[in-house]
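Only the coordinates and a few stated rules stand behind these numbers; no lab work does. Note that the structure is a prediction, hence the values are computed from the model and not measured. Every residue, glycine as well, gets a Cβ built from its backbone with ideal geometry; the counts of neighbours run over all protein chains shown.
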Amino acid sequence: MMTWAIVLWVVALAFILVTLKNIIVRAVKTRRCTAAVTATIVDVKEKTRTQGRSGDHAGITTTEYLPTVSYMVNGVEYSKPFAKAYHADTYAIGQTVEIMVNPNKPSEINKLGKSNKADLVMLTIGVLIGVAGAVLLMVA
C-alpha cells in the first residue's frame with residue numbers, strides 16, 4: 001500500500017507542477033500582452049493523433065486544428081501560430097480574430113487567453129490524487 005501511496009503522490013506532484021507552470025506562463029503572457037490587435041487567419045493545419053492503439057484496438061483518435069494568424073503592428077507584418085481548436089468550424093481562412101500583443105515586442109502574442117479554468121480543474125485533480133495517496137497511507 002505504501003508503494004501505491006507514493007505512486008499517487010508522484011502523479012499528484014506531476015499534475016500540480018505542470019499546472020502551476022501553465023498558470024504562471026498564462027499570467028506572464030496576460031501581463032505583457034496588453035495591446036488588442038485584429039488578426040486574420042491565414043492558414044489552418046489539421047493534426048490527427050491516435051492514442052492507445054494496440055493490436056486489434058483502434059484507440060482514441062483526436063483531431064486538432066492549428067491556425068496561423070497574420071497581423072500588422074506599426075507597419076510591420078507578423079505571422080504566428082494561434083490557439084488550437086478541436087472543431088473544424090472554429091477557424092476559417094480569412095476570418096478575423098482579436099489577439100493580444102506585447103506592445104514592447106509585437107512578435108509576442110498571448111495565444112493562451114485569460115481563462116485558466118482548465119488549469120484550475122487540473123490543479124484540483126492533482127490535489128485530489130495527492131489526498132487519495134495520503135488516505136491510502138493512513139488506512140495501511
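Brief remarks follow.
- Scan of the range 59-98 for residues that are in a loop (DSSP other than H, G, I, E, B), among the small types (Gly, Ala, Ser) and either surrounded by 10 or more Cβ atoms within 10 Å (Cβ to Cβ) or touching a Pro at 6+ places or on another chain (Cβ under 6 Å) (or both), ordered by number: 59, 83, 88, 92
- Within the range 78-132, being basic (Lys, Arg) and under 24 Å from residue 62 (Cα atoms) holds for 80, 84, 111, 117.
- Residue 26 fulfils the conditions (1) loosely packed, with under 13 Cβ neighbours inside 10 Å; (2) under 26 Å from residue 123 (Cβ atoms); (3) of a type in the set (D, E, K, R); (4) in contact (Cβ under 8 Å) with a residue 60 or more places away in the chain except for a single criterion, (1).
- Criterion: more than 17 Å from the chain's Cα centre (by Cα) and assigned to a strand (DSSP E or B) - qualifying residue of 5, 39, 12: 39
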